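The values are calculated or read from the model by the stated rules, or taken from the named source; none is laboratory data. Quick caveat: nothing in here was measured; it's all calculated off a predicted structure. Cβ placement follows ideal geometry from the backbone for every residue including glycine, while neighbour counts extend to all protein chains displayed. Surface areas here come from the heavy atoms of the whole protein model, side chains and all, with no ligands, DNA or RNA. Shrake-Rupley method; radii C 1.70, N 1.55, O 1.52, S 1.80 Å.
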There are 2 protein chains.
Amino acid sequence: GAGADNDLYINQAIVFIEDAIQYRSINHRVDSKSLWLYRWYYSRTCQWILSLTITVILALAFIEEPSSLTVTSDVRYRLPAWNPPCGLTESIELLCFLVFVVDVSVKSYLIGWKEFWKNKWLMAYILTLIVSLTDWIVSLSFFCKESVRIRRILRPFFLLQNSSMMKKTLKSINSTLPEMASVVLLLAVHLSLFTMFAMLLFARTKDNQQDKEWVVYFRNLPDSLTSLLVLLTTANNPDVMIPAYSKNRAYSIFFILFTVLGNLFLMNLLTAIIYNQFRGYLLKSVQSSLFRRRLGIRAAFEVLSSLKETPASAQQSCVSVGALLQVLQKAEMDSRCKQAIMRSLKMCSCDQLSAAQFQKLFEELDKDAIKQHPPSPEYQSHFMQKMQFAFGHPYFGYLGNVVALANIISICVVLVMDADKQPSERDDFFLGAINCFFILYYLLEMLLKILAMGLKRYLSYPSNRFDGLLTVILLILEIATFAVYGFPHPGWRPEFMGLLSLWDMVRLVNMLIVFRFLRIIPNMKFMALVVTTLLDLVKNLRAFAGILVVVFYAFAITGIMLFKGAVVPLGNTRYIGNKPSASVFSLWVNIVLYFKEKNVISWCSAHFQAEVIYCLLYVLSVHLICRWAKIYFVAWWLISSVIWVNLFVALLLENFIHKWDRRCQRESLSDIEYQRTVELMFRDVLEEPTEEELMEKLHQHPHLQLCR
Amino acid sequence: GAGADNDLYINQAIVFIEDAIQYRSINHRVDSKSLWLYRWYYSRTCQWILSLTITVILALAFIEEPSSLTVTSDVRYRLPAWNPPCGLTESIELLCFLVFVVDVSVKSYLIGWKEFWKNKWLMAYILTLIVSLTDWIVSLSFFCKESVRIRRILRPFFLLQNSSMMKKTLKSINSTLPEMASVVLLLAVHLSLFTMFAMLLFARTKDNQQDKEWVVYFRNLPDSLTSLLVLLTTANNPDVMIPAYSKNRAYSIFFILFTVLGNLFLMNLLTAIIYNQFRGYLLKSVQSSLFRRRLGIRAAFEVLSSLKETPASAQQSCVSVGALLQVLQKAEMDSRCKQAIMRSLKMCSCDQLSAAQFQKLFEELDKDAIKQHPPSPEYQSHFMQKMQFAFGHPYFGYLGNVVALANIISICVVLVMDADKQPSERDDFFLGAINCFFILYYLLEMLLKILAMGLKRYLSYPSNRFDGLLTVILLILEIATFAVYGFPHPGWRPEFMGLLSLWDMVRLVNMLIVFRFLRIIPNMKFMALVVTTLLDLVKNLRAFAGILVVVFYAFAITGIMLFKGAVVPLGNTRYIGNKPSASVFSLWVNIVLYFKEKNVISWCSAHFQAEVIYCLLYVLSVHLICRWAKIYFVAWWLISSVIWVNLFVALLLENFIHKWDRRCQRESLSDIEYQRTVELMFRDVLEEPTEEELMEKLHQHPHLQLCR
């Protein structure tokens, strides 16, 4: 009937508007049941459960069998990690898989059969689930004794597919790959030509004294390649050229040429290429988000305009205010926005809304919340007013900064004086006394500020919140110290009591004071600019960080699988199995020397957890592991150090230059807006989608049949 | 008289046009004698003598007393360097100073007294000369035995002041300094806060087993600061955190936070700032060059238009073609440009030129030479025409590349097979035979190409010149080998004969073959783009490289002065003077350990010549030198590694992005133009100066009185 139809239209409008708010695609089923399922799927609870599941399945690696989550990383001292019984992690995994199965079926159902076949991500999702479940069954049938678990490497995929930002970023990275591949190819050509040159230049001679360079770095092709590759990372920078250089200074020309061409030119070329590709990336992504929002709102307008209650007036379609109010009340959105829209709807005082008016109403969504600090209390007494003026004045804040600086300096002086003293000689009286004084000042400063500004206004500033929280913690710590150890006096060296020793308490207090010193940041313009750029960057980098986590996880799991059992504690008696210890020791010495020479240790461990050093130091099957380790670390270096760092630099350049230009336009930075989002940063350059584009897209909707 | 006046005007016009061609300022004296002096001063001979003088005075450091220009850099093996007798280098220096005195007087005279007082560079030049001469006199009066020679550090100034590009670049760097200083300040704050945190975190404990981190890296304030500063350079990256990390994995959070904030954010922020500042740098400098050129031409027009022979026509001033022809004939300029201007002057067929026409004539100067390759010879015989088609075809070039690749691979295979053989076991027959075959092919290829293209056309391509030259050298080497050692046969292991052993000859041939493989570059589009970007960059970087040379020179001289006598050969008996060898050795061990721990060796030597390692290893007065060395190397690291590398990256980004955009516009890259200059790269975005700007500048000329 018409009533049911109307209800459906209202529900569709609600969902479309929610889609617009969340920048979601509107290409999903729009019948009543699907709409209910859709709202349920995107409800906070469901999404939270999904995120929790992903977190749990990723976190499993920390407690699963070859994990090494112990306090110390030193294989010689650490206790064996807790091994969960077979079936525990597996049953948690199964639960997660079930959630994912539900997730993928709901998702597939909602986008519809036709769209499903076009969606490669969903297909990959299903495939991953099938492989994981098969692997899980194999695992259980072996009673958890099997060595290779493919499903572990596949796990980060669940994180990847759940974030549209990450998928978009991945697509963007993917489109940069051809250019990156060209530069990497260029690097490879550079490396191989120079390797051949080096092998010819530093050939073996008849005089054994003369060919140190050959012996150490250029013995054969893999050695030479490794030496030069490591030189490209600058890890063995002077060492590799020293033998040749001491023979003849002219040899340094070879190394300088290699470094200049490889490091200075080709590596930076990679930065240039990635920056060039990513220059428009943020803008493009924000532009497509805007399009999705406008599309959702337009779709809501279209379905509302086909409501039966609307008078079939002229050719212009329009929406009644009542219907919109009904939709607004049911839609889930930020209460501030909702109120603002309602308000302007009432002010409009017309009965029917055209498409343009409808869009205009929802522009409230694009605006950032103008944060209004609550007013200061108004005091009657003249004295209180003067107090308020004095302690509400910025100079009082500056005084606080100066006192904090004085505190830092005093701590520094004490640290320098106590540097070489034995712990037993140390006298904590001086530091205890001055810290006590300073903390009292901080407390006083906080109270006076609250007096001047009122508690609400005080708390509305993030810097005050930071300040106040630290002051309260400091106060609690200080009171606890005095309660346990009494008041400071000369020769104050109490014995260890309670949870922490006095020395630890004092250290903790000092660290907090150093940390509290960061409150000066908003007072320095340049620092404030840098910090806001950093915060922006952190927001924009979430997708990149997610992809990094995915890559890191996959690499870590692969590493654990490759180097499992290679960690042999040396120095105590637990050698593995049937090898005589003498040969193990000689092998170990060999490997240490091998890696020291190549500087692979400092190089790879610089980019990977220190754990790996032990893997490399204590490996048993030298050459197998060495070759694998080399390939593994070269891949890791390329991805983490070369590509990811360059992506980061590109984004930083983009963000910073944009910000800097804006700063020059606006001049005033006194009021730092921490709530700035990417969308707002680009607002002035964004293009509004045209009516035609929107309608064309709407008509392509697979499930929504528009009347006209 | 009028004739003398006319001559003067003609001469002025000649000089102004020469100024325009060379992008020189026109603010110099313009009377007859000064013009003669000016042309003499800027004549090729004079400028060449000046450059030679600068080179000589800079090169003196290599033969002066504390120099170490020997073949080996190892202090233990090297022979004492040649010490020139007192007075030799000093008299050369005096000659150079005299040239500089002449230079500065001519320069000062030419710009005039009034301008002289405004020109800080000239004042600094005179001051430098005075200080240098005083120092020289002091030096001679001590019979070259004095220890400090200030004039050596001042020498690079002569290089600096002679290049207007370098002065401009320095000014540009200077204007970026405030922002850079902010970031460096931020780095300092970051470093000091983290140092305090580290000292509190890794404090000395009662248990000696537990505080390895304190003992090794955070013993006192300078130690902690050094540890973290070196961590900022990533030189001691994993080492510094290993002791703490093996105690508790959570300590790694501190180091990760420090590295991420310092290395990833603040260091890259420096890149962003420098890039942002230098984004417009190239454009601005090219723009001001263009202004100088237009101004020079306009000035020439103005003086020519006040010639007496010009009919005092309407308000429009103009120049007679005859006068211009006279000027052109006498002016020194590129003959191609001169001919082109003459040609268009004849085609113009008017008697009088307006200012606009005059400017237009000289636009020929801005155009790049369109390089036309000479035509191929036309053969009559049908067979020859077919030959010409076959061997002139690009596929023949590709075949050559494939053959070169095959040669490279064969060399590579032989190298891998021979890697572990003793030199006496090595059989050079195989390599000799295949190289002989390949070189014959290269010769054939060259001859066939010459046949197809004709010698002139063949030589007009730079890739062919490269190819041909290497082929001829290879041929000569091969013939020489056969002449000395006979033809290769199995078991071909002749004894050493002549200048080079057979093995050296073969190595040389192989290196040349590897080098010759670079001919593939123009055939690969992306490589060609990269190479042209690099070549452009090298052109644009001359000024930066000059400044780097200046800084490097000053640092090297300071280093030599600071660490003179610190180089004590160890391992043989030449210890210095009155110290017992035991204490020297213990000192040495101490220092080695000290620096190994801090990783200062690999860090500083990575950025400085390897010589310094020996300075550091064999120093005598430990703590004095250590402190000085630290400050010295931190300064060097900041300037060379941080600032200069970032400048380089900024320029590379600028160049590459500009180039890349152009490539996308033009699409075709088949004809790489190696003759592109910076001016041409920016031609489409340059703004022409307006008539008013030019005239205003002309009226401000200190020596030229224009009639109107």
Could you list, in sequence order, the residues of the stretch B:498-522 that are at pLDDT below 75, among the hydrophobic types (A, V, I, L, M, F, W, C) and open to solvent by 20 Å² or more (accessible area, probe 1.4 Å)? B:LEU499, B:LEU500, B:TRP503
Under the condition of being over 14 Å from A:ILE14 (Cβ atoms) and part of a helix (DSSP H, G or I), which residue from the stretch A:322-340 is farthest from the chain's Cα centre (by Cα)? A:GLY322
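Output the residue which, of all residues in the stretch B:128-173 that are closer than 16 Å to B:ILE557 by Cα and aromatic (Phe, Trp, Tyr), is surrounded by the fewest Cβ atoms within 10 Å (Cβ to Cβ). I'd like the intermediate steps shown before the answer.
Initial filter on the stretch B:128-173 (closer than 16 Å to B:ILE557 by Cα): B:132, B:135, B:146-159.
Among the residues that remain, those that are also aromatic (Phe, Trp, Tyr) are: B:157-158.
Details: B:PHE157: 20, B:PHE158: 23.
If we take residues in the stretch B:128-173 being closer than 16 Å to B:ILE557 by Cα and aromatic (Phe, Trp, Tyr), then B:PHE157 is surrounded by the fewest Cβ atoms within 10 Å (Cβ to Cβ).
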Collect the residues in the stretch B:643-654 that are more than 7 Å from every other protein chain (Cβ to nearest Cβ) and either open to solvent by 10 Å² or more (accessible area, probe 1.4 Å) or in contact with a Ser or Thr (Cβ under 6 Å, 6 or more places away or on another chain) (or both), keeping them in residue-number order. B:ILE643, B:TRP644, B:VAL645, B:ASN646, B:GLU654
Here are some residues: A:PHE358, A:PHE389, A:PHE383. Which one is aromatic (Phe, Trp, Tyr) and open to solvent by less than 80 Å² (accessible area, probe 1.4 Å)? A:PHE358
Which condition does B:ALA124 not pass, out of (1) modelled with pLDDT of 90 or more; (2) open to solvent by less than 20 Å² (accessible area, probe 1.4 Å), if it passes all the others? (2)
Please enumerate the residues belonging to the stretch A:411-432 that are assigned to a helix (DSSP H, G or I), free of Cβ contacts under 8 Å to residues at least 60 places away in the same chain and surrounded by fewer than 18 Cβ atoms within 10 Å (Cβ to Cβ). A:CYS412, A:VAL413, A:VAL416, A:MET417, A:PHE430
Pairing a residue in the stretch A:381-401 that is within 11 Å of A:LYS449 (Cβ to Cβ) with any residue that is open to solvent by less than 80 Å² (accessible area, probe 1.4 Å) and not in a helix (DSSP H, G or I), where Cβ atoms lie under 7 Å and the two sit 6 or more apart in sequence or on different chains, gives A:GLN388/A:SER376; A:GLN388/A:TYR379; A:GLY392/A:SER376
Hits in the stretch B:443-476 - residues which are open to solvent by less than 30 Å² (accessible area, probe 1.4 Å) and over 22 Å from B:GLN385 (Cα atoms): B:ASP467, B:GLY468, B:LEU470, B:THR471, B:LEU474
Checked the stretch A:157-169 for anything at pLDDT 85 or above, out of contact with any Gly (no Cβ under 9 Å at 6 or more places or on another chain) and assigned to a helix (DSSP H, G or I); matches are A:PHE157, A:PHE158, A:GLN161, A:LYS167
Residue pairs, Cβ under 6 Å, 6 or more apart or interchain, first in the stretch A:247-269 and open to solvent by 20 Å² or more (accessible area, probe 1.4 Å), second among the aromatic types (Phe, Trp, Tyr) and modelled with pLDDT under 80. List them. A:TYR251/A:TYR245
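In the list B:VAL131, B:VAL148, which residue meets the criterion of being among the β-branched types (Val, Ile, Thr) and touching a residue at least 40 places away in the same chain (Cβ under 8 Å)?
Working: B:VAL131 fails: touching a residue at least 40 places away in the same chain (Cβ under 8 Å).
Exactly one of B:VAL131, B:VAL148 is among the β-branched types (Val, Ile, Thr) and touching a residue at least 40 places away in the same chain (Cβ under 8 Å), namely B:VAL148.
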Kindly list, by first and then second residue, each pair from a residue in the stretch B:433-454 that is within 19 Å of B:PRO377 (Cα to Cα) to a residue that is open to solvent by 30 Å² or more (accessible area, probe 1.4 Å) and outside any helix (DSSP H, G or I), limited to pairs with Cβ atoms under 6 Å and residues at least 6 apart or on different chains. B:MET453/B:SER376; B:GLY454/B:SER376; B:GLY454/B:PRO377
Of everything in the stretch B:96-120 that's of a type in the set (Phe, Trp, Tyr) and surrounded by 15 or more Cβ atoms within 10 Å (Cβ to Cβ), which residue is nearest to B:ARG39 (Cα to Cα)? B:TYR109
Can you pull out every residue in the stretch A:628-664 that is among the aromatic types (Phe, Trp, Tyr), more than 17 Å from A:GLY546 (Cα to Cα) and at pLDDT 80 or above? none
Would the stretch A:223-236 turn up any residue that is away from chain B (no Cβ under 11 Å), closer than 18 Å to A:ASN646 by Cα and hydrophobic (A, V, I, L, M, F, W, C)? yes
Can you spot a residue in the stretch B:378-394 that is among the basic types (Lys, Arg), closer than 30 Å to B:GLU445 by Cα and modelled with pLDDT of 85 or more? yes
Can you name the condition, by its number, that B:ASP334 falls short on among (1) within 14 Å of chain A (Cβ to nearest Cβ); (2) exposed (fewer than 15 other Cβ atoms within 10 Å of the Cβ)? (1)
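Within the stretch B:174-197, can you find the residues that are more than 10 Å from chain A (Cβ to nearest Cβ) and open to solvent by less than 30 Å² (accessible area, probe 1.4 Å)?
Kept after step one, since they are more than 10 Å from chain A (Cβ to nearest Cβ), are these residues of the stretch B:174-197: B:174-177, B:180, B:184, B:187-188, B:190-191.
The answer is B:THR176, B:MET180, B:LEU187, B:HIS190, B:LEU191.
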Just one listed residue, out of A:PHE258, A:PHE265, A:PHE194, is under 29 Å from B:VAL531 (Cα atoms) and either modelled with pLDDT under 85 or not in a helix (DSSP H, G or I) (or both), and it is A:PHE265
